[in-house]
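Below is one structure, written out as structure tokens, with a few remarks after it.
The values are calculated or read from the model by the stated rules, or taken from the named source; none is laboratory data. For clarity, every value in this text was computed on a predicted model and none was experimentally measured. Ideal geometry is used to build each Cβ from the backbone, glycine not excepted, and the neighbour counts take in all protein chains shown.
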Amino acid sequence: MFEDSLVESSGKIKTRKGWTTTVSFLLQMLAIGVMVLIPLIYTEALPKQAMTTFLVAPPPPPPPPPPPAAAPVKVVKVQTELDQGALRTPTKIPDKIKMIKEEETPPPAAAGVVGGVSGGVPGGAMNGVIGGIIGGAASNVPKVTAAKPAGPQRISSGVAQGLLINKVTPQYPPIAKAARIQGAVVLAATISKSGTIQGLHVVSGHPMLVQAAMDAVKQWRYKPYMLNGEPTEVETTITVNFNMNGGTS
């Protein structure tokens, strides 16, 4: 009987405990919901200082410091003793007066002596000035000698044509004449101091006409080209024309 009472009481206790727990949980949830909803409904109840802190933007950064002021320019006024290009009267007596000492002029040198000296001119007078100047200038003038050119000098074909004294006419090659080949052959030649052809090479021309032109030009003779009174080796160009109508020239 005692055991039955304990079993019944234990079942009742368990039933009451579960119900109270559920009610307590609901009440707590309700209290929490009310506490959350009250600030949302009544916003004036919130602290204004905290809201202002969150809503106000932070202040802008301070501006950069201004640049340092430029140093003042000091204008120095230069005093001058000139007034419109003319000296003006000083307004005060200076404390120190600078003395200007002029150098003594050296005595004139004698331009000539008795008996004459080196550098004089015939007919000059004793202690003459013009004769000494002329003689001194003539003795001090350096002699200029023309430098001899290095290597052969270049002359035009027209100048070389004027120096030609013996011209051998080239023979028209029969094979070129049969093939009716004509034209000009240009040769570069070196004329020696004695007027003979030393160096000769082809610049342009038909191959069938080149050899005939070279064989003839090698026999040409020229007057020596004079430079500073001396014969000089020169370089020039020689043109030989082959023409079917007029032959060669």
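Just to be sure, is Ala146 in contact with a helix residue (DSSP H, G or I) (Cβ under 7 Å, 6 or more places away or on another chain) and either surrounded by 12 or more Cβ atoms within 10 Å (Cβ to Cβ) or modelled with pLDDT under 85 (or both)? Spelling it out, it is not the case that Ala146 is in contact with a helix residue (DSSP H, G or I) (Cβ under 7 Å, 6 or more places away or on another chain) and either surrounded by 12 or more Cβ atoms within 10 Å (Cβ to Cβ) or modelled with pLDDT under 85 (or both). Residue selection: Thr196 satisfies the criterion of being out of contact with any Asp or Glu (no Cβ under 6 Å at 6 or more places or on another chain), in the same structural domain as Leu163 (by TED's automatic domain parsing) and more than 13 Å from Pro152 (Cβ to Cβ). On inspection, Val210 does not qualify as of a type outside the set (Gly, Ala, Ser), under 19 Å from Val159 (Cα atoms) and assigned by TED's automatic domain parsing to the domain that holds Val240.
Residue-wise test of (1) among the aromatic types (Phe, Trp, Tyr); (2) out of contact with any helix residue (DSSP H, G or I) (no Cβ under 8 Å at 6 or more places or on another chain); (3) surrounded by fewer than 18 Cβ atoms within 10 Å (Cβ to Cβ).
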residue	(1), (2), (3)
Ser192	no, yes, yes
Gln211	no, yes, yes
Asp215	no, yes, yes
Lys218	no, yes, yes
Glu233	no, yes, no
Ile238	no, no, no
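The set of residues in segment 163-180 being touching a residue at least 40 places away in the same chain (Cβ under 8 Å) and either farther than 11 Å from Leu209 by Cβ or not aromatic (Phe, Trp, Tyr) (or both) consists of Leu163, Leu164, Ile165, Asn166, Lys167, Val168, Thr169, Pro170, Gln171, Ala176, Lys177, Arg180.
A quick yes/no check of all residues on (1) at pLDDT 90 or above; (2) of a type in the set (S, T, N, Q):
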| site | (1), (2) |
| --- | --- |
| Thr196 | yes, yes |
| Gly205 | yes, no |
| Trp220 | yes, no |
| Thr236 | yes, yes |
| Gly246 | no, no |
| Ser249 | no, yes |
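The set of residues from segment 158-181 being touching a helix residue (DSSP H, G or I) at 6+ places or on another chain (Cβ under 8 Å) and either assigned to a strand (DSSP E or B) or surrounded by 14 or more Cβ atoms within 10 Å (Cβ to Cβ) (or both) comprises Pro170, Tyr172, Pro173, Ala176, Ile181.
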